1. If the limit is 19 Å between Cα atoms, which of Lys41/Lys107; Lys107/Lys130; Lys60/Lys107; Lys3/Lys60; Lys3/Lys41; Lys3/Lys74 go over it?
2. Taking all protein chains in place and a 1.4 Å probe, what share, in percent, of the accessible surface of the chain do carbon and sulfur account for?
3. Among rounded, prolate and oblate, which fits region 48-172 when a ≥ b ≥ c are the square roots of the eigenvalues of its C-alpha gyration tensor, a/c under 1.5 means rounded, and a/b larger than b/c means prolate?
4. Quick one: accessible area per residue over the chain, 1.4 Å probe, rounded to a whole number of Å²?
5. Once phi is turned into ³J(HN,Hα) by the Karplus curve 6.51 cos²θ - 1.76 cosθ + 1.60 with θ = phi - 60°, what whole-Hz value does each residue of region 176-181 show in order, with x for glycine and proline?
6. Do the sum for the chain: with -39,500 (n - 2.57) for every DSSP H run of n ≥ 4, divided by all residues, what is the mean residue ellipticity at 222 nm, to the nearest 500 deg cm²/dmol?
7. Sketch the reach of a paramagnetic label on Tyr85 as a point 7 Å from Cα along Cα-to-Cβ, and name the residues of region 149-182 whose backbone nitrogen lies under 20 Å away.
8. Can you tell me the FRET efficiency between Thr99 and Lys76 if r is taken as the Cβ-Cβ distance and R0 is 25 Å, rounded to the nearest 0.05?
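The values are calculated or read from the model by the stated rules, or taken from the named source; none is laboratory data. Everything numeric here is computed off the predicted structure, so don't read it as measured data. Neighbour counts run over all protein chains shown; Cβ positions are idealised from the backbone, glycine included. We work out accessible area using only protein heavy atoms, side chains counted, and drop any ligands, DNA or RNA first. Shrake-Rupley method; radii C 1.70, N 1.55, O 1.52, S 1.80 Å.
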Amino acid sequence: MIKIYGSAMSSASRCLFLLEEIGVPYERLDSGLGTPEGRAKYAEIFPGAMVPYLIDGDVKLFESMAINMYLASKYKPELLPTDVYGRALVDQWSYWAITNLQPQLLKVMMNTTFLPEDQRQPSEVEAGRKGAARYLEQLEAALTHDYLIGDTFTLADLNCGSVVGLSAFAGATLGPKTTAWLGRLQARPSYAKTH
């Protein structure tokens with residue numbers, strides 16, 4: 001059985017969403033990263049001591065996007081376009097989400113919620129909101145169909161949507177097409193089971 005370390009409140013959420021979407025049995029395990037003892041025990045399993053971490057027989061993977069590409073390829077290839085360009089679009093939107101949008105949203109969340117008040121920097125909140133707005137405008141313009149790569153739900157939607165979903169926590173404003181797209185993703189039964 002597949003084992004996945006991490007919670008729905010971490011980057012593992014996109015892996016859990018995909019595991020539910022593909023419908024294979026899996027076991028979600030707590031990494032124990034919240035305590036020094038738990039961290040030490042988890043480091044024996046995965047020396048990188050980060051989440052998510054997937055074990056599928058002899059396959060051991062970290063990094064949520066790599067895990068999701070593996071899971072989709074192995075268990076539900078219909079989530080991946082069969083043409084080279086379509087596959088590149090899945091990569092494009094997946095990497096865009098975690099390398100461009102996510103850091104901006106995290107700046108806001110860190111400096112409004114997670115850091116102690118005396119360590120929060122209002123300038124980082126402003127910079128994060130401006131950066132997020134720019135990327136969310138790009139996404140809004142790109143949504144010319146029901147989904148990112150046309151009218152079919154793909155891994156690009158799941159991966160990108162897992163990041164765009166953080167927008168509410170960061171106080172970012174979504175355009176009407178993005179709001180409708182995110183609503184379609186969050187209406188999926190697989191999403192409801194993991195959030």
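1. Details: Lys41/Lys107 30 Å; Lys107/Lys130 11 Å; Lys60/Lys107 30 Å; Lys3/Lys60 10 Å; Lys3/Lys41 16 Å; Lys3/Lys74 15 Å.
From Lys41/Lys107; Lys107/Lys130; Lys60/Lys107; Lys3/Lys60; Lys3/Lys41; Lys3/Lys74, over 19 Å: Lys41/Lys107; Lys60/Lys107.
2. On the way: 5590 of 10060 Å².
Accessible surface attributable to carbon and sulfur in the chain totals 56 percent.
3. Working: a/c = 3.13, a/b = 1.40, b/c = 2.24.
Oblate, since a/c reaches 1.5 and b/c is not below a/b.
4. Numbers: 10060 Å² over 195 residues.
Spelled out: the 1.4 Å probe surface of the chain, per residue, equals 52 Å².
5. So the J values, rounded to whole Hz, are x, 5, 5, 4, 5, 4.
6. On the way: 10 runs with 106 residues, N = 195.
Value at 222 nm, helices only, nearest 500: -16500 deg cm²/dmol.
7. Residues 149-157 qualify, since their backbone N sits under 20 Å from the label point.
8. Working from the Cβ atoms, E equals 0.50.
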